[in-house]
Each structure stands twice: as structure tokens, then as C-alpha cells.
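Pasting a structure below so you can have a look.
The values are calculated or read from the model by the stated rules, or taken from the named source; none is laboratory data. A quick note: this is a predicted structure, and the numbers were derived from the prediction, not measured. Glycine also receives a Cβ, built like all others from the backbone with ideal geometry; neighbour counts cover every protein chain displayed. We work out accessible area using only protein heavy atoms, side chains counted, and drop any ligands, DNA or RNA first. Shrake-Rupley method; radii C 1.70, N 1.55, O 1.52, S 1.80 Å.
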Amino acid sequence: MSGNAMKLVVVGAAGRMGQTLIRTIHAIEGAEVFAAIEREGSPFVGRDAGELAGLGPIGVKITDKPLEAFVAAEGVLDFTAPAASIEFSGLAAQARIVHVIGTTGCSAADDEKIKAAARHARIVKSGNMSLGVNLLGVLTETAARALGPDNWDIEVLEMHHKHKVDAPSGTALLLGNAAAKGRGISLAENSVRVRDGHTGPRPAGTIGFATLRGGSVIGDHSVMLAGEGEMVTLSHSATDRSIFARGAVQAALWARDKKPGLYSMLDVLGLN
Ligand SMILES: NC(=O)C1=CN([C@@H]2O[C@H](COP(=O)(O)OP(=O)(O)OC[C@H]3O[C@@H](n4cnc5c(N)ncnc54)[C@H](OP(=O)(O)O)[C@@H]3O)[C@@H](O)[C@H]2O)C=CC1
Ligand SMILES: O=C(O)C1=N[C@H](C(=O)O)C[C@H](O)C1
């Protein structure tokens, strides 16, 4: 670890992404696991974060005191749940630090609160922190713009592990938004999120979503552009959660010298 290593707090440190983040930060020269947080009453409070993540002890005990950790740190990596991420964004604003939010399933009202916190915190939020998916978003926007709505129908298909609690996935919505941007329309006004029973024919110009859940799938996404007699499919398959963790650390390092504001992974990766 270098003397200038960025001091990072991992919230939700015992979760699937929390443990992956601990391992990833530990392996990166320019970053340091400064603190690890779980909720009050969690059985993991008091445990060594490295030991829990399979690294062996790293001398960082999991606590339930986020503000104490934030005021002495430079950034927080947050893959938890919407209510928790809103609370953490307020604390990151108080501490004037970087807040990287990977949490999905936030409502429009949640996003407004995060935007308000970004007046004082440097927040990077994305439904997917991987380079591959963000490139897929750019390709989706280009394809949607080139093919147009008259003869091409767009469907976004995703599959995740059986523990996932939100649908469609944050990535599916990111890709749907990219398609909508390519077409110059609003996703909220043109999406079909559920189909069941006698649905009637497909409304022209809509963007459809289909959700599959099962097993241990880390995250598979396809954007299908279906035309008359042909189909273009753009896909991404995640085979290791470290792709999200590496992206989150890259986002924190990128935001270290930025002004307060709300940024996306497209800003971090220079794809905007
Ligand atoms: N943007 C991206 O690239 C990615 C986003 N994600 C998203 O990240 C989120 C987490 O996913 P995953 O790791 O699989 O989920 P997990 O359920 O495995 O982990 C979430 C962790 O956060 C903890 N937590 C919840 N609330 C709080 C709180 N108030 N304070 C402290 N800790 C809290 C949970 O504790 P407890 O169990 O006690 O509730 C749990 O340990 C999801 O929204 C998922 O969609 C996942 C991968 C990539
Ligand atoms: O919950 C997950 O696991 C994942 N969530 C993110 C999403 O909702 O898109 C990103 C990734 O696909 C894994």
C-alpha cells in the first residue's frame, strides 16, 4: 500500500459485494480498506473484515458506526440497499467525502435525495460499475439511434441469481435508458415492464423488459433489436463480481479530486 493510498470505507461489508470489495481494495496499491460497516445488530459487527472476506485478518474490525468512519476517511463504497444508501449519502455529504453507490432498486424519490446529498458529496452512482456493461450502453444507444423505432422493436432481457431482490435490474434500466436516449424518448413514458394474460399486440416504439431469476448467475444482460426477418443482439455476461468492485474503486480514485456533484460511470470511464 502506498503512503497516499485512498482511505476507503466499505459499507455492507459482509454482503456478496462487500466481501468482493474488501478483497479487491486489498489488492490495489492506491487504495486501503480503512473501515468496514454493517448495520446495528448485525452478527458480523466485531469480526475482522479481511477474515470474513477470506483474506485472513487485516486489522479492520466491522463496526456499526458509519459517521465515525466517514469523517476520518476519503471515500465510501456502497453496495447495500436503497434506504441504507440514502442514509449513507447524507453522512457522506456531512463528511464531504466521495460516495460510490452501486445499490440498485432506488425509486425516483430516493434518487432526488441522493442528488441533494451530491451538493456536498462527490457521488458516483451507476446500476453497473463494469467497463463492459458501460460500453454495452454506448453500443445500445448507437444501435437504437441507427435502427429507429418504425421497423425495430427493443427488448431488454436479464438474468440474475435467486437472492436478487429488485427487478428489472439496475443494469437493465441503464440499458433501457441508453436505448431511449438513442431514440430521443423518455424511458419512463415508453417502457413495458410486465406482460401477462391477453396483452394485445406490442405497442409500437416501446422498450420491453423481461426478468429471469435463478441459481448463482452473477448478471447476464441482452438488448435485442428485433426487425422484420432479422435480429441484432448485444450481450454482456458477468462471470466474476470483481468486475464491479474494480470499477467502484476506479470511480472512487477518479472522484478523489473532483468537485461535489452527481457523476456516472460514463464520466469515470470517459465514455460520456
Ligand atoms: N452497480 C453494480 O455494479 C452492482 C450493484 N449491485 C447491487 O448492490 C446491492 C447489494 O448486492 P449484494 O452484495 O449482492 O447484496 P447482499 O445482500 O449480499 O449485501 C448487502 C449488504 O448490505 C448490508 N446492509 C443493508 N443495509 C445496511 C445498513 N443500513 N447498514 C449497513 N449495512 C447494510 C446487508 O446487511 P443485512 O444482510 O443485515 O441486510 C448486506 O450485508 C444490490 O442493490 C445489487 O443490485 C450488485 C453488484 C454490482
Ligand atoms: O444484484 C446483483 O447481483 C447485481 N446487480 C446489479 C444490477 O441490478 O444490475 C448489477 C449486476 O448485474 C449484479
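Of everything in segment 119-135 that's among the aliphatic types (A, V, I, L, M) and open to solvent by less than 10 Å² (accessible area, probe 1.4 Å), which residue is nearest to ASP267 (Cα to Cα)?
Per the stated criteria, the residue is VAL124.
Of the numbered conditions (1) touching a strand residue (DSSP E or B) at 6+ places or on another chain (Cβ under 6 Å); (2) within 14 Å of ligand 1 (Cβ to nearest atom), GLU40 satisfies every one except a single condition; which is it?
Only one criterion in (1) touching a strand residue (DSSP E or B) at 6+ places or on another chain (Cβ under 6 Å); (2) within 14 Å of ligand 1 (Cβ to nearest atom) is unmet by GLU40, namely (1).
Kindly state which helices (runs of 4 or more DSSP H) lie completely within segment 1-113 and contain at least 2 residues that are open to solvent by 40 Å² or more (accessible area, probe 1.4 Å).
Of the helices (runs of 4 or more DSSP H) lying wholly inside segment 1-113, those with at least 2 residues that are open to solvent by 40 Å² or more (accessible area, probe 1.4 Å) span 16-26, 66-71, 82-95.
Select, from THR233, THR199, THR206, THR211, the only residue that is surrounded by fewer than 20 Cβ atoms within 10 Å (Cβ to Cβ) and touching a Pro at 6+ places or on another chain (Cβ under 7 Å).
Being surrounded by fewer than 20 Cβ atoms within 10 Å (Cβ to Cβ) and touching a Pro at 6+ places or on another chain (Cβ under 7 Å) holds for just one of THR233, THR199, THR206, THR211, which is THR211.
Looking at segment 144-161, can you tell me whether even one residue there is among the small types (Gly, Ala, Ser) and in a helix (DSSP H, G or I)?
Yes.
Restricting to segment 111-163, count the residues that are within 20 Å of HIS99 (Cβ to Cβ) and without any contact (Cβ under 8 Å) to a residue 40 or more places away in the chain.
The number of residues fulfilling the criteria is 5.
Sticking with this one: Take residues that are within 16 Å of ligand 1 (Cβ to nearest atom) and tell me which of the helices (runs of 4 or more DSSP H) falling wholly in segment 179-272 contain 2 or more.
Of the helices (runs of 4 or more DSSP H) lying wholly inside segment 179-272, those with at least 2 residues that are within 16 Å of ligand 1 (Cβ to nearest atom) span 242-255, 265-269.
Looking at PRO168 and the list (1) more than 15 Å from ligand 1 (Cβ to nearest atom); (2) in a loop (DSSP other than H, G, I, E, B), which single condition is not satisfied?
(1)
So is GLU141 of a type in the set (D, E, K, R) and closer than 25 Å to ALA238 by Cβ or not?
yes
Consider ALA245 carefully, then state whether it is in contact with a Gly (Cβ under 8 Å, 6 or more places away or on another chain) and either farther than 19 Å from LEU173 by Cβ or open to solvent by less than 40 Å² (accessible area, probe 1.4 Å) (or both).
When the stated conditions are applied, ALA245 does not pass them.
Matching residues to (1) within 15 Å of ligand 1 (Cβ to nearest atom); (2) farther than 16 Å from ALA245 by Cα; (3) touching a strand residue (DSSP E or B) at 6+ places or on another chain (Cβ under 6 Å):
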| site | (1), (2), (3) |
| --- | --- |
| THR24 | yes, no, no |
| ILE28 | no, no, no |
| ASP64 | yes, yes, no |
| PHE79 | yes, no, no |
| ILE86 | yes, yes, no |
| VAL98 | no, no, yes |
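Can you name the residue in segment 143-169 that is more than 8 Å from ligand 2 (Cβ to nearest atom) and either on the phi > 0 side of the Ramachandran plot or basic (Lys, Arg) (or both) and, of all such residues, is surrounded by the fewest Cβ atoms within 10 Å (Cβ to Cβ)?
Per the criteria, the residue is LYS162.
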